[in-house]
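The next block holds one structure in the form of structure tokens; read it before the comments.
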Amino acid sequence: MKLISVNVGLPREVTWKGKTVSTGIFKEPVSDRVTVRSLNLDGDGQADLTVHGGADKAVYLYPFEHYEYWRNELPDTELPLGIFGENFTTTGLREEEVNIGDRFQIGNVRLMVTQPRLPCYKLGIRFGRPDIVKQFLASRRTGFYFRVLQEGEVGAGDTLELVSRDNNNITVDDITQLYVREQDNPELLRRAAQLEALPQSWRDYFQR
């Protein structure tokens with residue numbers, strides 16, 4: 001499991017459908033080591049803090065393995081690292097293999113997996129096509145968020161180590177499937193609603 005790119009970007013104003021929109025989705029790789037803090041990375045930011053950022057969405061990871069899938073799906077689109085708005089582009093970590101609540105270490109940084117990414121319209125801004133939002137969610141190649149348990153520095157080339165595995169065994173992909181298409185799975189819904197590592201808003205949603 002390796003960190004192949006660290007990507008950051010501050011909010012900028014863009015024009016979308018005739019309106020001025022502020023968005024932090026434009027991330028670019030950096031060569032220097034970056035400090036990971038409890039709410040984000042140095043040099044990084046989110047425009048709308050009501051739905052982006054916060055302790056449970058401090059760091060967003062996207063698997064590099066998915067880039068090949070998107071190259072096939074979007075052959076005319078350039079896909080630089082960070083285009084999905086991710087802070088970490090990694091190898092060896094996929095949604096169906098990672099549990100909500102799993103804990104990882106990168107150098108002296110400790111992180112806990114909290115939730116999959118649900119895309120908003122700003123992903124459409126980044127790609128210049130609104131249909132990517134529905135396509136992204138349907139693909140279940142969502143990436144996932146971390147809560148920062150211990151701050152520190154990271155850089156491209158660092159290794160990710162699994163510190164502990166959450167024994168509830170509910171994967172990131174399980175949560176996405178529940179949200180998208182498996183709400184008739186009462187057993188998994190019940191387990192998800194009681195999953196302490198999952199943010200309260202998700203647990204309340206599944207409880208309802």
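The values are calculated or read from the model by the stated rules, or taken from the named source; none is laboratory data. Note that the structure is predicted; figures quoted are calculated from it, not measured. Glycine also receives a Cβ, built like all others from the backbone with ideal geometry; neighbour counts cover every protein chain displayed.
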Search result, residues across region 63-118 that are touching a residue at least 60 places away in the same chain (Cβ under 8 Å) and small (Gly, Ala, Ser):
82, 85, 92, 101
Working only within region 122-155, note down all residues that are acidic (Asp, Glu) and under 20 Å from residue 91 (Cα atoms).
153
So if I check each of 66, 52, which one is surrounded by 14 or more Cβ atoms within 10 Å (Cβ to Cβ) and at pLDDT 95 or above?
66
Looking at region 76-90 only, could you name the residues that are surrounded by fewer than 18 Cβ atoms within 10 Å (Cβ to Cβ) and out of contact with any helix residue (DSSP H, G or I) (no Cβ under 8 Å at 6 or more places or on another chain)?
76, 78, 80
When only residues in region 98-110 that are of a type in the set (A, V, I, L, M, F, W, C), over 14 Å from the mean Cα position of the chain (by Cα) and under 18 Å from residue 63 (Cβ atoms) count, which is surrounded by the fewest Cβ atoms within 10 Å (Cβ to Cβ)?
104
If you take the residues in region 7-27 that are touching a Pro at 6+ places or on another chain (Cβ under 8 Å) and not in a loop (DSSP other than H, G, I, E, B), which one is surrounded by the most Cβ atoms within 10 Å (Cβ to Cβ)?
7
Within region 94-108, count every residue that is over 21 Å from residue 5 (Cβ atoms) and not in a loop (DSSP other than H, G, I, E, B).
2
Filter region 86-107 down to residues that are of a type in the set (Gly, Ala, Ser) and modelled with pLDDT of 95 or more and give me whichever is nearest to residue 123 (Cα to Cα).
92
Go through region 167-208 and count every residue that is outside any helix (DSSP H, G or I), of a type in the set (A, V, I, L, M) and within 15 Å of residue 118 (Cβ to Cβ).
1
Here is a list of conditions, (1) at pLDDT 95 or above; (2) assigned to a helix (DSSP H, G or I), and residue 135 meets all of them except one; can you say which number that is?
(1)
Criterion (out of contact with any strand residue (DSSP E or B) (no Cβ under 9 Å at 6 or more places or on another chain), crowded, with 18+ Cβ neighbours inside 10 Å and not acidic (Asp, Glu)) met by exactly one of 195, 189:
195
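For every residue, the table says whether it meets (1) in contact with a strand residue (DSSP E or B) (Cβ under 8 Å, 6 or more places away or on another chain); (2) farther than 26 Å from residue 36 by Cβ.
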{"residue": "117", "(1), (2)": "yes, no"}
{"residue": "125", "(1), (2)": "yes, no"}
{"residue": "128", "(1), (2)": "no, yes"}
{"residue": "131", "(1), (2)": "no, yes"}
{"residue": "156", "(1), (2)": "yes, no"}
{"residue": "166", "(1), (2)": "yes, no"}
{"residue": "169", "(1), (2)": "yes, yes"}
Sole exception among (1) over 14 Å from the mean Cα position of the chain (by Cα); (2) crowded, with 19+ Cβ neighbours inside 10 Å; (3) over 21 Å from residue 110 (Cα atoms) for residue 73, by number:
(2)
Being of a type in the set (Asp, Glu) and loosely packed, with under 13 Cβ neighbours inside 10 Å is the filter; apply it to region 111-165 and report the residue that is farthest from residue 27 (Cα to Cα).
161
Subset of region 112-123, residues at pLDDT below 90 and farther than 19 Å from residue 64 by Cα, comes to 120, 121, 122
